[in-house]
Amino acid sequence: MRSCCRKIYLPITLILLAVSTLASEKEKVVTYRNPLDLALSLSGSYGELRATHFHSGVDFRIGGVSGARLYAAADGYVSRISVSPGGYGHAIYIDHPDGRTTLYGHMMDFAPNITRWVREQQYLQKDFSVNLYPEKSMFPLKKGDFIGRAGNTGSSGGPHLHFEVRESSTQIPLNPLKATSITVVDNIPPEFRSIGFYGICNHQALPSRWKVASHNSGYNGIISLPDTFYVAVDAIDRQNGTNAKLAVYQYNYYLDDTLVFSFTPEKIPFDAGRYINSIVEYSEKSNNNISMVKSWVEPGGGLASNIRSVNDGLFILRDNLEHKIRIELKDEHGNTTNKYFRAKRSGSPGSLKGDTQNSNNSFSRSIVMPWFIPNRYHDSLVRLMLPPAALYSSIEFSADTINVNGDIYHMVHNESTPLHNPAILALKVPAKFAGMPVQKLMLVKLNKNGRLSSAGGTWRNGWVEGRIGSFGIYGIATDTIPPVVTPLFANNQNLSGRNSLRFTVKDNLSGISSYNVWIDGIWILTSYDPKNSRLESELMPDKLRKGVNHDLEIEVKDNKGNTTVLKRTFIW
Ligand SMILES: [Zn+2]
C-alpha cells in the first residue's frame with residue numbers, strides 16, 4: 001500500500017519541486033543596467049596585467065571630468081562603503097539578490113543620504129578613512145537609483161568609474177562583461193605585439209634561463225632554439241569605440257598541434273593577485289616594464305586553476321625538423337588572433353649557454369635558496385629571512401656591497417627575481433650614523449632612476465630591520481625632517497562663503513602617517529589626496545559658528561614621528 005502511494009505521489013512531488021526550483025531561480029535572475037548615463041566606453045578591462053594584481057573590474061570613461069551621475073546597476077542594498085586616501089577612494093558596494101555584489105570605485109561623492117551617514121561615522125571614528133558595513137535595511141536600492149557621482153578619488157590616474165562585479169559569498173571578482181547583461185560592442189580581435197624565447201635548464205631544481213630571441217609580429221624566418229625553451233607573449237585586446245589597450249581573455253600557446261600552455265586570467269581571488277609575478281616574464285617587467293605572459297609554470301607559482309599546461313609549459317624539441325609555434329589569443333567576445341612562428345633545434349646544448357638569472361661574480365656572496373622552504377642569509381652587514389612561499393623557483397641568492405657616491409648600499413639579490421611574500425631584511429647601521437637618534441633610521445631602496453624611496457623598518461641593536469616586497473639595492477637613511485604643510489589661505493583671511501580649507505602636504509622620505517585638523521578645539525573632517533599632496537578640511541555650519549573668528553590647528557606626522565603643527569586664525 002505504501003509503495004503504491006509512493007508511486008502516485010512521487011511524480012507530483014517532482015513536479016512541485018521543479019516548479020519551486022523554477023520559481024526560486026526566476027527570482028534570482030537579475031538584469032543589470034549601465035551604471036552611467038553615458039554610452040559605455042572602456043579605458044581599462046577585466047584581467048589586465050597590473051603591477052601587483054590582475055585588474056579586478058572594468059574602467060568606464062566618464063568624459064574626462066569628475067561628476068558623472070552613477071546609478072545602482074540592479075536592485076539590492078548598500079552592503080559596504082569605504083573611504084580612503086588610496087585604493088578605491090570613495091567606494092560603494094551593492095549586494096544584489098542573485099548573489100553578486102557590484103562595486104563603484106573612485107567616486108567623487110555619495111548620494112546625500114549616504115554622505116550624511118558616512119560623515120557621522122567619520123566624526124565618530126575621528127578618521128577620514130572608514131570601512132563601513134551598513135545594515136541591510138539602511139540603504140535599499142532599486143535598479144537605477146542615484147548613488148553618487150563618479151570621480152578620481154584614491155589611487156586613480158584620472159576621472160573614471162572602476163566598476164566591479166563580485167560573487168558576494170567569496171568576494172571573487174567576475175568579468176562584468178560576462179557575468180552581467182552589461183555589454184559593449186566588440187568585433188576586434190586581440191593584437192599580438194611581441195614574443196620572447198627563453199632557453200631553460202634544470203627548471204625544477206635550480207633553473208638557469210637565458211633570452212634566446214625576441215620577435216614582433218612581422219618576423220617570418222626560422223628561429224634557432226635550444227631543445228628546451230619557453231615563450232613569453234606581449235599582447236593586448238582592442239574594442240570598438242575605444243583606443244584603450246585592453247586585456248586578452250585567453251592565451252593559448254601550441255607546439256605544432258599540442259597545447260603546451262594556456263592561461264585565462266579570470267576569477268582570481270584578491271589574495272592570489274600577486275601571483276601575477278609568477279605568470280609574467282619578470283625580467284621583462286622589471287627591466288622594461290612590459291608584462292609578457294610566459295609559458296613556463298614555475299614550481300612555486302600560483303593560479304593553477306587558470307593554467308593548463310604540459311611539461312610545466314616548456315617547449316621541447318626532440319628532433320632537428322622544423323616545428324610550428326602557434327600563439328592563439330582570444331578576447332571575451334570570442335574574437336581570436338593566431339600568430340605563427342617557425343622554429344628549429346640548434347646544435348649546441350642549452351646548458352652551455354650563458355646564464356642571466358643566476359649571474360655570479362667573484363665579489364658577491366651567494367647561497368642556494370630552494371623555493372619550497374624558508375630561507376636565511378646572513379653576513380656581517382646583511383641579514384635576510386625569506387618566509388615560505390616567497391619564491392616561485394629556487395635561486396642562487398647573492399648579496400653584494402656597493403658604494404654609491406661614498407654611501408654604502410647593499411645589492412640584495414637582483415630586481416629581476418620576484419618576491420611573492422615580503423622578506424625581512426636587516427642592514428647593519430654604518431658608523432656615519434653614530435649619534436643619530438635611532439628612531440629616525442630607516443631602510444631605503446635605491447631605485448633605477450637613482451632616487452631613494454622609503455622601505456620602512458625600525459632600529460634593533462645596531463641594525464635596521466624591515467619588510468621588503470622586492471629584491472634590489474637597499475641602504476640606510478635618516479628622516480629627521482617633518483612634513484611641510486602649506487595652508488592655501490592667508491592668516492586671518494575672511495573665508496565666509498567657502499566650504500573648505502585647503503593645504504598642501506609633503507614629506508621628504510618616510511611619508512605621511514597621520515593628519516588631524518581642529519577648529520576651535522573641534523576635530524574637523526579632513527580628506528587626504530596623496531596624488532595631489534592635498535588636505536581639505538570641511539567648513540560646515542553644524543560644526544562651526546558662522547560670522548566669527550576661528551582658531552585652527554593642523555598636525556601632520558610622518559612615519560618617523562616627525563611632526564608639524566601649524567596654528568592659524570580665519571574668519572568664517
Ligand atoms: Zn579600475
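The values are calculated or read from the model by the stated rules, or taken from the named source; none is laboratory data. Treat the numbers as computed from the prediction; the structure is a model and nothing was measured. No Cβ is skipped: glycine too gets one built from the backbone with ideal geometry, and neighbour counts run over all protein chains shown. Ligands, DNA and RNA are excluded from the accessible area calculation, which covers all protein heavy atoms including side chains. Shrake-Rupley method; radii C 1.70, N 1.55, O 1.52, S 1.80 Å.
Key figures for this structure:
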| read-out | value |
| --- | --- |
| Residue check for Tyr219: part of a strand (DSSP E or B) and of a type in the set (Phe, Trp, Tyr) | no |
| Unique residue being within 16 Å of the ligand (Cβ to nearest atom) and either open to solvent by 60 Å² or more (accessible area, probe 1.4 Å) or β-branched (Val, Ile, Thr) (or both) when the list is Thr170, Thr183, Thr153 | Thr153 |
| Asn559 open to solvent by 40 Å² or more (accessible area, probe 1.4 Å) and without any contact (Cβ under 8 Å) to a residue 24 or more places away in the chain | no |
| Residue within the stretch 71-87 that is part of a loop (DSSP other than H, G, I, E, B), open to solvent by 10 Å² or more (accessible area, probe 1.4 Å) and within 13 Å of the ligand (Cβ to nearest atom) present | yes |
| Boolean, Ser364 is at pLDDT 60 or above, over 30 Å from Asn187 (Cβ atoms), open to solvent by less than 30 Å² (accessible area, probe 1.4 Å) and more than 28 Å from the chain's Cα centre (by Cα) | yes |
| Subset tally (residues that are touching a Gly at 6+ places or on another chain (Cβ under 8 Å), of a type in the set (A, V, I, L, M, F, W, C) and either assigned to a strand (DSSP E or B) or surrounded by fewer than 19 Cβ atoms within 10 Å (Cβ to Cβ) (or both)) for the stretch 453-470 | 1 |
| Considering residues of the stretch 526-539 that are of a type in the set (Asp, Glu) and in contact with a strand residue (DSSP E or B) (Cβ under 6 Å, 6 or more places away or on another chain) only, the residue most open to solvent (accessible area, probe 1.4 Å) | Glu536 |
| Given (1) open to solvent by less than 50 Å² (accessible area, probe 1.4 Å); (2) closer than 19 Å to His55 by Cα; (3) polar (S, T, N, Q), number of the condition Ser283 does not satisfy | (2) |
| Residues that are in a loop (DSSP other than H, G, I, E, B) and either farther than 23 Å from Ile373 by Cα or in contact with a strand residue (DSSP E or B) (Cβ under 9 Å, 6 or more places away or on another chain) (or both), drawn from the stretch 296-314 | Trp296, Val297, Gly301, Leu303, Val310, Leu314 |
| Condition met for Pro189 (crowded, with 17+ Cβ neighbours inside 10 Å and away from the ligand (no atom under 16 Å from the Cβ)) | yes |
| Selection within the stretch 321-333 - at pLDDT 95 or above and either in a helix (DSSP H, G or I) or open to solvent by 20 Å² or more (accessible area, probe 1.4 Å) (or both) | Leu321, Glu322, His323, Lys324, Arg326, Glu328, Lys330 |
| Selection within the stretch 88-131 - surrounded by fewer than 23 Cβ atoms within 10 Å (Cβ to Cβ), touching a residue at least 24 places away in the same chain (Cβ under 8 Å), charged (D, E, K, R) and not in a loop (DSSP other than H, G, I, E, B) | Asp95, Asp109, Arg119 |
| Failed criterion for Arg33 (all others in (1) touching a residue at least 40 places away in the same chain (Cβ under 8 Å); (2) open to solvent by less than 30 Å² (accessible area, probe 1.4 Å); (3) away from the ligand (no atom under 11 Å from the Cβ) hold) | (2) |
| Candidates Ser305, Ser278, filtered to the one that is assigned by TED's automatic domain parsing to the domain that holds Pro226 and buried (at least 16 other Cβ atoms within 10 Å of the Cβ) | Ser278 |
| Residue check, Ala232 over 30 Å from Glu396 (Cβ atoms), touching a Ser or Thr at 6+ places or on another chain (Cβ under 9 Å) and not in a loop (DSSP other than H, G, I, E, B) | no |
| Strands (runs of 3 or more DSSP E) completely within the stretch 471-572 that count 2 or more residues being closer than 30 Å to Asn403 by Cα and not hydrophobic (A, V, I, L, M, F, W, C) | 472-478 |
| Residue match in the stretch 399-412 (condition: in contact with a helix residue (DSSP H, G or I) (Cβ under 7 Å, 6 or more places away or on another chain), open to solvent by less than 40 Å² (accessible area, probe 1.4 Å), of a type in the set (A, V, I, L, M) and not assigned by TED's automatic domain parsing to the domain that holds Ile290) | no |
| Qualifying positions in the stretch 507-525 - surrounded by 19 or more Cβ atoms within 10 Å (Cβ to Cβ) and among the hydroxyl-bearing types (Ser, Thr, Tyr) | Ser510, Tyr515 |
| Subset of the stretch 39-57 [part of a loop (DSSP other than H, G, I, E, B) and closer than 15 Å to Tyr104 by Cα] | Leu40, Ser45, Tyr46, His55, Ser56, Gly57 |
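Every residue, every condition in (1) outside any strand (DSSP E or B); (2) in contact (Cβ under 8 Å) with a residue 24 or more places away in the chain; (3) away from the ligand (no atom under 16 Å from the Cβ); (4) open to solvent by less than 20 Å² (accessible area, probe 1.4 Å), yes or no:
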position	(1), (2), (3), (4)
Glu135	yes, no, yes, no
Met138	yes, yes, yes, no
Gly144	yes, yes, yes, no
Ile195	no, yes, yes, yes
Leu206	yes, yes, yes, no
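Yes/no per residue for (1) in contact with a strand residue (DSSP E or B) (Cβ under 6 Å, 6 or more places away or on another chain); (2) among the β-branched types (Val, Ile, Thr):
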| site | (1), (2) |
| --- | --- |
| Tyr219 | no, no |
| Ile222 | yes, yes |
| Pro226 | yes, no |
| Phe229 | yes, no |
